[in-house]
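To start, the structure under review is shown below, and the notes come after it.
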Amino acid sequence: MKDIYETPLGSRYAGKEMQYLFSPDMKFRTWRKLWIALAETEQELGLDITDEQIAELKAHAEDINYEVAQAREKEVRHDVMSHVYAYGQQCPKAAGIIHLGATSCYVGDNTDVIIMTEALKLVRQKLVNVIAELSKFADEYKALPTLAFTHFQPAQPTTVGKRAALWLQDLLIDLDDVNYLLDGAKLLGCKGTTGTQASFLELFDGDHEKCRALDRRIAEKMGYNGCFAVSGQTYTRKLDSRILNVLSGIAQSATKFSNDIRLLQHLKEIEEPFEKGQIGSSAMAYKRNPMRSERIASLARYVMVDALNPAITTATQWFERTLDDSANKRISVPEAFLAVDGILSLYLNVVDGLVVYPKVINQRLMKELPFMATENIMMDAVKRGGNRQELHERIRVHSMEAGKQVKVEGKENDLLERIAGDPMFGVTLDELNAILDPAKYVGRSPEQVTEFLAECVAPVLETYKDELGVKVEINV
């Protein structure tokens, strides 16, 4: 039994890979990589830094002496300078040039960008795996007619696969947003205490071009195309806001999907996976609750609200920097990523195990289809010489009576029998039943799904084919 709080995002929901990205070890190892990149670049630009000093830094890039840093932080109350000190203890020859000319945000902010970038890549990987699984489902059921709803009221039929295509399209939009962020990823660079690079201008004896090259070369060494052109002490906090807005978008898409599944499970048409020994309710043994879809909605709600944090932080930054972002950032950004990681794992798990009940789907559709087929029935009667206005009135009366039978009397829909018994229509019940082929009422749904999967989804899956096949483990 643990006696201190730990976030369920770590213990229950997020995967190990995402948890590691936001771990202290990832952060501090990245700090050392940035210090090495800074030292190498400063040497390349003419500062008195030796190959021996850089070799020493590289030799201890991974074996971080955490106990030294922790003890030092208790004395100086500064995390960056504590790790500069600890690194220097391992690298006595290089101790004097570690962090040369930089401010804490050099390692802090650049590391935040690097971690968020890597986390977005992990999000993208799970996102494309969900898209792959959902595309299989859409293709398999592209021609299975089902009752469509507007306002959760019966509407013109669609297909199960066409509905899945709507979920898919939202995810493709999210993928575009993730790629937009990744394609434009930039580091803070090395800008100094207020973003002016004054300390580096001094180090480089007033050489402005070397100050520009410093940012450019550090970015290249860290695998980025460039840095923000201007900054205060920090990178603009709009970056955090943009990223969490994209994560919020994924949460929105997942909620739409999970809500639809929860409603469909209530209708007994489609169910999320349910293990043989799983318990749905402690009191009602027969229940099969849509727990995973509910968890998606629950985590997604957190992410959508969490996106307000960086928005407010961005709006309230004072001049070149203020520190009221720090504590908030440490919580809001990692937890958004951890929650989205959990959401996508659940999404993938649910889609992979969806259970479809075609007979229930058909039964519900057939109860409503006679009402929807009245236009076709009326047109056929007109072709045989009937009067459209008179036929319309007769269908209206029969529909009202049949609706009363269903709603008030609790009986079956007898609209077809009523029409067959009305000599004005001149049609038999067998002929009417032949009209009620559900496939005749789904429009281009099967074709739309086929075209959508071929034109929009297939190119995405081809692009990311090497990232497919991710397996997830869900804690239920």
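Summary of values
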quantity: Cα gyration tensor shape for the stretch 183-324, rounded if a/c is under 1.5, else prolate or oblate; calculated: prolate
quantity: Subset of Lys359/Lys471; Lys359/Lys440; Lys268/Lys471 violating a 22 Å alpha-carbon distance limit; calculated: Lys359/Lys471; Lys268/Lys471
quantity: Stretch gain in nm, segment Leu461-Phe371, where the contour uses 0.36 nm per residue and the Cα spacing is subtracted; calculated: 28.3 nm
quantity: Cβ-Cβ FRET estimate between Ser326 and Glu52, R0 fixed at 35 Å, reported to 0.05; calculated: 0.45
quantity: Counting all C-alpha pairs of the stretch 374-435, share separated by more than 18 Å (%); calculated: 31
quantity: Peptides ranked, highest mean first, by Cβ atoms within 10 Å: ranges 313-323, 111-121, 336-346, 241-251; calculated: 336-346, 241-251, 111-121, 313-323
quantity: Virtual spin-label span in nm between Leu308 and His266, 7 Å along Cα→Cβ; calculated: 2.6
quantity: Solvent-free Debye scattering, log10 I(q)/I(0), computed from the Cα coordinates of the stretch 20-97 at q = 0.14, 0.23, 0.25, 0.27 Å⁻¹; calculated: -0.44, -1.06, -1.18, -1.29
quantity: Nearest 10 degrees, 0 to 90: helix 208-221 Cα axis against the chain principal axis; calculated: 50
quantity: Protection-proxy order for peptides 205-211, 377-383, each taking the mean of Cβ atoms within 10 Å per residue, highest first; calculated: 377-383, 205-211
quantity: Estimated FRET transfer efficiency (Glu401, Ala61; beta-carbon r; R0 60 Å; 0.05); calculated: 0.15
quantity: Span from the the stretch 436-476 Cα centroid across to the the stretch 174-200 one, whole angstrom; calculated: 36
quantity: Extension gain, Ala229 back to Tyr180 (0.36 nm per residue minus Cα-Cα distance, nm); calculated: 15.8 nm
quantity: Those lysines that a straight Cα-Cα span of less than 17 Å connects to Lys210, excepting residues fewer than 8 apart in one chain; calculated: Lys191, Lys221
quantity: Under-5 Å amide H pairs with Thr146, H placed in peptide plane, nonlocal only; calculated: Thr158, Thr159, Val160
quantity: Proportion of all alpha-carbon pairs of the chain beyond 30 Å (%); calculated: 60
quantity: 0 to 90° range, to nearest 10: angle between helix 24-44 axis and the chain longest Cα axis; calculated: 50
quantity: Candidate lysines - alpha carbon under 17 Å from Lys329, same-chain residues fewer than 8 apart omitted; calculated: Lys27, Lys238
quantity: Residue-averaged [θ]222 nm for the chain, counting only DSSP H segments that reach four residues, each worth -39500 (n - 2.57); calculated: -20000 deg cm²/dmol
quantity: The stretch 394-476: mean projected area of Cα convex hull, nm²; calculated: 11.3
quantity: Computed E for Arg288/Tyr20 - FRET, C-beta separation, R0 25 angstrom, nearest 0.05; calculated: 0.10
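Where a number appears in this text, it was derived from the coordinates with a stated rule and is not lab data. Remember, predicted model here, so these are calculated numbers, not experimental data. Because the Cβ atoms are built from the backbone with ideal geometry, glycine has one as well, and the counts that use them run over all protein chains shown.
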